[in-house]
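Read through the structure below, which is laid out as structure tokens, and then see the notes.
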Amino acid sequence: MNKKNKQYIILFVGVVVLVIIFAIVLFFTSGSKTSTITPSGSTEQNTTKNNMNYGASPSVTLPPSASNAQGAATQFYTYYFSSSKNPLANGAYKTNPYLSQTFKNIIATSYNNGNVPVFCPQNNATKITVSKEQQVPYNNESLTEVIISEVAPQQKDLDDVLLENTNGQWQIFDINCIP
């Protein structure tokens, strides 16, 4: 084999190695473009000692917001209580697509950066119903209000939820527990 053929073989092997490295890097970074919510620096293993008020949630892939206010309120309530830990804790609320920017600001100041529950934990019911939507005036705008209630036999009202439609997406504007 002559010297020129050896150079081409070495060049070919080098290109193949670079392509393999590029493919590996691309494979491991392609997953970062999903709509997964992960509180920074938290994992399921290091939250076992935390309770609902202060625990971080594991990564959760969220479906798109429902097409109406009733569906969005139901979707968020179910998502919130289906987690064994507070899914908004440790600043995870900041990237939650179900929350309006106004409510994210409220959570930052009034709910200890997401570590205090936004729903009253005692109002956790597995079978709920959501009232018909009603418009509520707010600062020269209109918000949509729904009431989340427990179904029979209790039929107790649990939470008053205000929502806003931002660019065709229903988002939680405020949540008020009903004692």
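Residues that are closer than 15 Å to residue 71 by Cβ and more than 20 Å from the chain's Cα centre (by Cα) within the stretch 122-151 comprise 128, 129, 130, 131, 132, 133, 144, 145, 146, 147, listed in sequence order. Within the stretch 125-139, can one find any residue that is on the phi < 0 side of the Ramachandran plot, surrounded by 17 or more Cβ atoms within 10 Å (Cβ to Cβ), of a type in the set (Phe, Trp, Tyr) and out of contact with any Cys (no Cβ under 7 Å at 6 or more places or on another chain)? Checked against the condition, which is being on the phi < 0 side of the Ramachandran plot, surrounded by 17 or more Cβ atoms within 10 Å (Cβ to Cβ), of a type in the set (Phe, Trp, Tyr) and out of contact with any Cys (no Cβ under 7 Å at 6 or more places or on another chain), the stretch 125-139 yields no hits at all. For the stretch 115-122, the condition holds for at least one residue, the condition being that it is open to solvent by 30 Å² or more (accessible area, probe 1.4 Å), within 23 Å of residue 86 (Cβ to Cβ) and at pLDDT 90 or above. The condition of being over 16 Å from the mean Cα position of the chain (by Cα), polar (S, T, N, Q), within 21 Å of residue 70 (Cα to Cα) and open to solvent by 30 Å² or more (accessible area, probe 1.4 Å) holds for only one of 154, 101, that being 154.
Quick one: would you say residue 56 is over 11 Å from the mean Cα position of the chain (by Cα), of a type in the set (A, V, I, L, M), surrounded by 11 or more Cβ atoms within 10 Å (Cβ to Cβ) and at pLDDT below 85? Against the criterion (over 11 Å from the mean Cα position of the chain (by Cα), of a type in the set (A, V, I, L, M), surrounded by 11 or more Cβ atoms within 10 Å (Cβ to Cβ) and at pLDDT below 85), residue 56 qualifies. Are any of the residues in the stretch 2-23 modelled with pLDDT under 80, under 27 Å from residue 175 (Cα atoms) and assigned to a helix (DSSP H, G or I)? The answer is no; no qualifying residue exists. Each residue in the stretch 79-92 was checked for being among the hydroxyl-bearing types (Ser, Thr, Tyr) and under 18 Å from residue 66 (Cα atoms), and 3 pass.
The values are calculated or read from the model by the stated rules, or taken from the named source; none is laboratory data. Just so we're clear, the structure is a prediction, and the values are computed from it rather than from any experiment. Because the Cβ atoms are built from the backbone with ideal geometry, glycine has one as well, and the counts that use them run over all protein chains shown. Heavy atoms of the whole protein, side chains included, go into the accessibility calculation; ligands, DNA and RNA do not. Shrake-Rupley method; radii C 1.70, N 1.55, O 1.52, S 1.80 Å.
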